[in-house]
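Written below as structure tokens is the structure these notes are about.
The values are calculated or read from the model by the stated rules, or taken from the named source; none is laboratory data. Values in this document were obtained by computation on a predicted structure and should not be read as measured data. Cβ atoms come from the backbone with ideal geometry, glycine included; neighbour counts cover every protein chain shown.
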Ligand code: CEZ
């Protein structure tokens, strides 16, 4: 019996879910440059703002580890959220919207994700409740509208209890009370610290959490325990009793709960507005109230957020036979690219590879930001030419978490980002711009890239293979090379590809000497890989300090790694026979219905010759999940070797559906691409395909690039725009609007009998070399592409 599809794919800019049970972890997110709010369909909310380090203002119910955004955050009681309890004051029955914490089965339910707001519509006990969350374009505050309607034919006497969690704020000091002067419920804390030097930073923090209503409530409660009483979250005493005690919290876990008594005549509707968020002072709260709770305040905020997001709309609008992919590519993917490029995944020390790859994505959204990011990163290049593990975004920032662990791959991303940006802008003059770094003499961009490439080429052993230290692109691969002998096959391939890419840029700018040098170094990397890493069926992932190859057939777990195959193809290392063997091996060992996993079979025990990676749960994260970033590299490689159908099939499996069972198993809404879907398809079929719900991923920039440059084949080059599509053979026709160097290109693709090669005409004139040159900014071009039948 097929289950009904609870998802209404994006029809008008919103993706909708009609049941709170079918995909309980389904989330959507809103962001502005200082704040990210990820909300799930049941009302749980994970909100973080930058001050300048990431911080919460609605906390877990007890002390929680400060860490970066993690995948698969499990639901738990008292999980931070935004709810409203609704009580019928005639019979005492009650429910809560959107669904948690009471979980009373709804008569009707809708979770609706938009780019500028998230909405819930719930009908229960014959009462309709709409909740809308929006953010302003710049301030750190949540704008909530709660509307209650009586669709019935009799008057309803109701109590509303907006319940916004504050949680356990601080072991040093936490309290909350109603502030009559502000007309707000304000919770206060002191961010815990012990070191004297930390006080100046703590002093500047927004240690207030406030709920400021637009309408004065009948009552409030500032402490969590008296609100719940013996009834607990599911049936709080305050709700069953039908009133609040106007209590405060005195070094007790705060809560922001209000009470409204109202009578709704048949057909009557009442709306309430609330601001919820962090603040440093009462004056800040006052100012936010004046800015947003005035007439039109929310509407202006929504307009400003829409205007801000419109700046991140991307350069491609696709119209294909796959409407869901169109909606995702035209709206949600550039939004995710913009989010990562603007917020740096909510860190002040983004990992250098993440910072650079997010900048790659911005080449299609806001090229100026890419240019700035390249300058900022190169200014932190070490005198040796190495790139640091993390990029510091402000003077007080420090390298934290994984950035304190030496990884050797960061330099290889520089020419890849530069190439994407140069293809988009054609601005080769940038290469001559001088950049002063924290270390060493001022050098031009071009000199810095060459120095970084020489660092990569020198970071190799006598065999010519790249040393891995405690990790490369794969962060937790920390025990392959800590003794300084272990090598990464992937990094050797990536080094070859980076050198080749830089060589081609140098050739474009006439620097043939550097190009020749780089190609010689690249050839040596290619030789080393071919000599030491072909395992007979596919390429090995690396060789450990003790000389043990891994990612090879002889291993009982982790026999094959996807990245070692993708980048061998990207760097042109594999022969035709090897290509055929690798494609077969990936299909056999790594392809699953939910996508291509990054290694297989997953590790089920610690392998001390590889490290922390193998300790991750089988099928999660790097240990054999469908790690979409790695799958994106594979898609790029498949297009590079002219495998469009296989590439498209792998790409399409990064998104849920269109089959209902696929959607339900992943539990993911098509409003962002998560960093992974569970793997271990054979070992753990029950959880295979489940989404991590993590919005931070290098997949977003690469997937966007692939859609623009590979699928629709609209890639910039020195002369202009090259047209070389690789549509899936099943597509008879498609259309794309491409914004490029200030001009608009309306491109239609049509299969045609009797032709063997694509035919391109521009404004009715044949374009034999399929390159549109002498592009005039502001001009509109009509491009017709005839494609042979597959
Ligand atoms: O972080 C990502 C990094 O941000 O892991 C990727 C890496 O390429 C990205 O730059 C693959 O390793 O430390 C850990 O165990 C974490 O798993 C991180 O490796 C991981 C985070 O979970 C975010 O996905």
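Of the residues in the range 639-673, how many are out of contact with any helix residue (DSSP H, G or I) (no Cβ under 7 Å at 6 or more places or on another chain), in contact (Cβ under 8 Å) with a residue 40 or more places away in the chain and either within 16 Å of the ligand (Cβ to nearest atom) or outside any helix (DSSP H, G or I) (or both)? Selection size over the range 639-673: 6. Considering only the range 6-28, state which residues are in contact (Cβ under 8 Å) with a residue 24 or more places away in the chain and within 11 Å of residue 42 (Cβ to Cβ). Selection gives 17, 19, 20, 23, 24, 25, 26, 27.
The residue of the range 612-638 that is nearest to residue 679 (Cα to Cα), among those that are away from the ligand (no atom under 12 Å from the Cβ) and part of a helix (DSSP H, G or I), is 631. Of all residues in the range 597-611, those satisfying the criterion of being in contact with a helix residue (DSSP H, G or I) (Cβ under 6 Å, 6 or more places away or on another chain) and within 15 Å of the ligand (Cβ to nearest atom) are 598, 603, 606. Scanning the range 169-183 for residues that are closer than 20 Å to residue 193 by Cα, surrounded by fewer than 18 Cβ atoms within 10 Å (Cβ to Cβ) and touching a residue at least 60 places away in the same chain (Cβ under 8 Å) yields a count of 2. The residues of the range 342-358 that are under 14 Å from the mean Cα position of the chain (by Cα) and free of Cβ contacts under 8 Å to residues at least 60 places away in the same chain, listed by number, are 344, 350, 355.
Assessment of the range 543-560 against the conditions (within 20 Å of residue 636 (Cα to Cα), within 32 Å of the chain's Cα centre (by Cα) and crowded, with 23+ Cβ neighbours inside 10 Å) yields at least one matching residue.
Each residue in the range 438-464 was checked for being crowded, with 19+ Cβ neighbours inside 10 Å and touching a strand residue (DSSP E or B) at 6+ places or on another chain (Cβ under 8 Å), and 6 of them qualify. Checking each residue in the range 40-52 for being farther than 21 Å from residue 678 by Cα and in a strand (DSSP E or B) picks out 44, 45, 46, 47, 48, 49, 50. Taking the listed residues 314, 289, the one that is surrounded by 20 or more Cβ atoms within 10 Å (Cβ to Cβ), farther than 24 Å from residue 671 by Cα and away from the ligand (no atom under 16 Å from the Cβ) is 289, with no other qualifying.
Matching residues to (1) away from the ligand (no atom under 16 Å from the Cβ); (2) over 16 Å from residue 504 (Cα atoms); (3) in contact with a helix residue (DSSP H, G or I) (Cβ under 6 Å, 6 or more places away or on another chain):
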| site | (1), (2), (3) |
| --- | --- |
| 389 | no, yes, yes |
| 407 | no, yes, no |
| 410 | no, yes, yes |
| 415 | yes, no, yes |
| 431 | yes, no, yes |
| 464 | yes, yes, yes |
| 471 | no, yes, no |
| 479 | no, yes, no |
| 482 | no, yes, no |
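When the range 317-368 is filtered for residues that are within 15 Å of the ligand (Cβ to nearest atom) and assigned to a strand (DSSP E or B), only 351 remains. Determine whether the range 73-85 contains at least one residue that is in contact with a helix residue (DSSP H, G or I) (Cβ under 6 Å, 6 or more places away or on another chain), under 30 Å from residue 51 (Cβ atoms) and touching a residue at least 24 places away in the same chain (Cβ under 8 Å). Within the range 73-85 (the criterion being in contact with a helix residue (DSSP H, G or I) (Cβ under 6 Å, 6 or more places away or on another chain), under 30 Å from residue 51 (Cβ atoms) and touching a residue at least 24 places away in the same chain (Cβ under 8 Å)), the answer is no, since none of the residues qualifies. Of the residues making up the range 506-518, not a single one is touching a strand residue (DSSP E or B) at 6+ places or on another chain (Cβ under 6 Å), away from the ligand (no atom under 16 Å from the Cβ) and over 30 Å from residue 662 (Cα atoms). The condition (being under 20 Å from the mean Cα position of the chain (by Cα), in the same structural domain as residue 211 (by the TED database) and either within 14 Å of residue 110 (Cβ to Cβ) or within 16 Å of the ligand (Cβ to nearest atom) (or both)) is satisfied by just one residue among 24, 20, 54: 54.
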